[in-house]
1. Go through the range 13-29 and report how many residues are free of Cβ contacts under 8 Å to residues at least 40 places away in the same chain and surrounded by 18 or more Cβ atoms within 10 Å (Cβ to Cβ).
2. Which condition breaks for N79 when tested against (1) at pLDDT 70 or above; (2) loosely packed, with under 10 Cβ neighbours inside 10 Å?
3. Please list, ordered by first then second residue, the pairs with beta carbon atoms under 7 Å, 6 or more apart or interchain, first in the range 79-90 and in contact (Cβ under 8 Å) with a residue 24 or more places away in the chain, second of a type in the set (D, E).
4. Determine which member of the set Y61, Y87, Y94, Y51 is surrounded by 13 or more Cβ atoms within 10 Å (Cβ to Cβ) and either in a strand (DSSP E or B) or modelled with pLDDT of 75 or more (or both).
5. S113 versus (1) at pLDDT 75 or above; (2) touching a helix residue (DSSP H, G or I) at 6+ places or on another chain (Cβ under 9 Å): which is the lone unmet condition?
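The values are calculated or read from the model by the stated rules, or taken from the named source; none is laboratory data. Everything numeric in this text was worked out from a predicted model, so none of it was measured. Every residue, glycine among them, receives a Cβ derived from its backbone with ideal geometry; neighbour counts consider all protein chains shown.
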Amino acid sequence: MILILYVTLLALSLVLVVIGLTRSHESAQALLGFFFIFLLSFYIINGKVEYSNGANTTTEYHYSPTTELNNTVEITRTNYTTYSDSYTHYIGVYLALAAAVGFAGVLFGLRRSNPNE
């Protein structure tokens, strides 16, 4: 997953958490936000978050060797580097723990706020 997309999804999850925690009757949004944060933390733990390192690679392909014309195609692609050091692994673990604790806290808060159970 590209870093910009990851940060956007994480920000959207945090918005859902804030909406769910500030309004007591909309706690489903907080649960959904914590769940998405928990899922996003596994991308950091596994080292699948990528960012563009600014280098472009151009490759030439010759696709018709039988003709006398020089038929070449240039393909340019952007190189990506992954976050895979131990520091980002620990961030992912702490993010997963925080999401699990937040999810459990919202569930216990729902149980306390409903006196019928």
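1. Number of matching residues: 3.
2. Only one criterion in (1) at pLDDT 70 or above; (2) loosely packed, with under 10 Cβ neighbours inside 10 Å is unmet by N79, namely (2).
3. Close Cβ pairs (under 7 Å, with a partner that is of a type in the set (D, E)) amount to Y80/E50; T81/E50; T82/E50.
4. That would be Y51, the only listed residue that is surrounded by 13 or more Cβ atoms within 10 Å (Cβ to Cβ) and either in a strand (DSSP E or B) or modelled with pLDDT of 75 or more (or both).
5. With respect to (1) at pLDDT 75 or above; (2) touching a helix residue (DSSP H, G or I) at 6+ places or on another chain (Cβ under 9 Å), S113 is out only on (1).
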